Amino acid sequence: MNLGMSVGVLGTGKYVPERVLTNFDLEQMVETSDEWIVTRTGIRERRICSPEEAASDLAYHASLQALERAGLTAEDIDLIIVATITPDSAFPSTACVLQDRLGAKKAAAFDLSAACSGFIYALAAATSMIASGMYRHVLVVGAECLSKITDYTDRNTCILFGDGAGAVVLGQVPEGRGFRSFVLGADGSGGNLLNLAGGGSRCPASEQSLKEKKHYIYMAGSEVFKFAVRIMGSAALEAVEKAGLAKDDIDLLVPHQANIRIIQSALEKLNLPEEKCMINLDKYGNVSAASIPIALAEAVEEGRIREGDRIVLVGFGGGLTWGASVLVW
Ligand code: ACO
């Protein structure tokens, strides 16, 4: 990938709400068990925002941390991209709400919708814009309040999702470091496997749409599972090859945190041991676009990433979409 300039991560941040919803809590809500959830998904608990909290609130806290760690202020930011499927509202964008709250007066702002792949899509957009010379510093955020679109009477979905936000500040880094490749993909024919049908222009909010539970996530779990197993390993491998690297060169995999079995299948395809993979879905569940940046921020906090490490980010989600990237730290 010839970007003309090396673009990388200057700072990371994360924020998760305080309230913890455990598998044991879910046992009281739907017919399920901790044992079923742990063995089928690897998830033990997830964070849930308060009724007053929205995606921009979580994004705000994660962004403050990323800015501080980057040694920058909000006024240094030229563009804010928020990847989310749970925006505060249809418009204005959550990125605009965040821009105002941060006081990022010089920043343009937009939301990006690619479900769980949204953060990688946003990284690719931001990286190209910086490399082209259009912007110097871009704040990229993945922020989700999935609890607000989850049907807590549907055991097929309610055990999976949580709330949280992760953020990175991107800018120029020394040559040889930064993003080395991006792979983005979509297959819109699978859109009906994972969606939220209500509230848009096809199916506006109505009494009928409420009755039919059209404002909650619908998921054909096993179909999505098969797609994820197929795409996670192959997209990651494609990104590694595109970066001119081999499987052995990978120091850390930071995958979308949807299901431990999906992650394990990607590890097998990449010949990687579990020690070389960042896994935190046991604590947070699937936080869609926020999963990867939260995992990346935690990997940094835990000292699991050293200068020069070759990190592979990979995700998949509704759309259907997928994305992968190689990042030299
Ligand atoms: N507790 C107990 N039993 C359950 C539960 C539950 N919470 N949920 C489903 N079951 C039952 C099913 O009803 C089914 O019973 P049946 O055989 O009598 O019909 C049985 O368990 C097996 O169901 P499967 O769907 O075959 O279970 P599977 O092993 O596929 O696991 C899961 C289900 C965890 C949802 C899995 O398919 C999965 O992880 N899919 C991918 C999900 C995903 O990653 N989605 C991404 C969404 S992100 C985004 O873009 C918003």
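A few notes on this one:
- Ratio of Rg to Rh over the chain (Cα coordinates, Kirkwood Rh, two decimals): 0.95
- A Cβ-based charge dipole, computed about the Cα centre of segment 7-175 with Lys and Arg at +1 and Asp and Glu at -1, lands at about 460 debye.
- Our coupling estimate for segment 15-20, obtained by passing each phi through the Karplus curve with A = 6.51, B = -1.76, C = 1.60 and θ = phi - 60°, is 8, 10, x, 6, 5, 9 Hz, Gly and Pro reported as x.
- Per-residue HN-Hα couplings for segment 213-219 [Karplus 6.51, -1.76, 1.60; θ = phi - 60°; Hz; x = Gly/Pro]: 6, 7, 9, 10, 5, 10, 9
- Nonlocal amide H pairs with Arg19, under 5 Å, H built at 1.01 Å: Ile48
- Alpha-carbon radius of gyration plus Dmax, which is the widest Cα pair, for segment 233-317 in Å: 11.9, 34
- Taking the chain and dividing mean pair separation by its residue count, relative contact order in percent (alpha carbons under 8 Å, at least six apart): 26 percent
- Cross-link table Lys14/Lys276; Lys14/Lys148; Lys242/Lys269; Lys14/Lys242; Lys105/Lys214, entries beyond 27 Å C-alpha to C-alpha: Lys14/Lys242; Lys105/Lys214
- Overall, the chain carries a charge dipole of about 620 debye about its Cα centre when +1 sits on the Cβ of Lys and Arg and -1 on the Cβ of Asp and Glu, all other atoms neutral.
- Residue among Tyr284, Val97, Val183 farthest towards the positive dipole end of the chain, charges placed on Cβ: Val183
- For Ala205, neighbours were defined as the other residues whose beta-carbon sits under 13 Å from its Cβ, and their charges (Lys and Arg +1, Asp and Glu -1) total +2.
- For segment 179-328, with +1 on Lys and Arg beta carbons and -1 on Asp and Glu, the positive-most of Leu296, Leu194, Gln208 along the dipole: Gln208
- Ranked by the mean number of other Cβ atoms within 10 Å of their residues, highest first, the peptides 164-177, 215-228 fall in the order 164-177, 215-228.
- The charge dipole of segment 155-299, taken about its Cα centre with unit charges on the Cβ of Lys, Arg, Asp and Glu (plus for the first two, minus for the last two), comes to roughly 500 debye.
- Mean separation of Cα contacts under 8 Å, 6 or more apart, over the residue count of segment 179-328: relative contact order %: 37 percent
- Sorting 253-264, 44-55, 315-326 by average packing, meaning the other beta carbons within 10 Å per residue, from highest down gives 315-326, 253-264, 44-55.
- Sorting the segments 12-25, 229-242 by their mean number of nearby beta carbons within 10 angstrom, highest to lowest, gives 229-242, 12-25.
- In this structure the amide hydrogen of Ala109, modeled in the peptide plane, comes within under 5 Å of the amide hydrogens of Ile80, none closer than 5 places in sequence on its chain.
Read-outs: derived from the displayed coordinates by stated rules, not from any lab. Keep in mind that this is a model prediction, so the values were computed, not measured. Every residue, glycine as well, gets a Cβ built from its backbone with ideal geometry; the counts of neighbours run over all protein chains shown.
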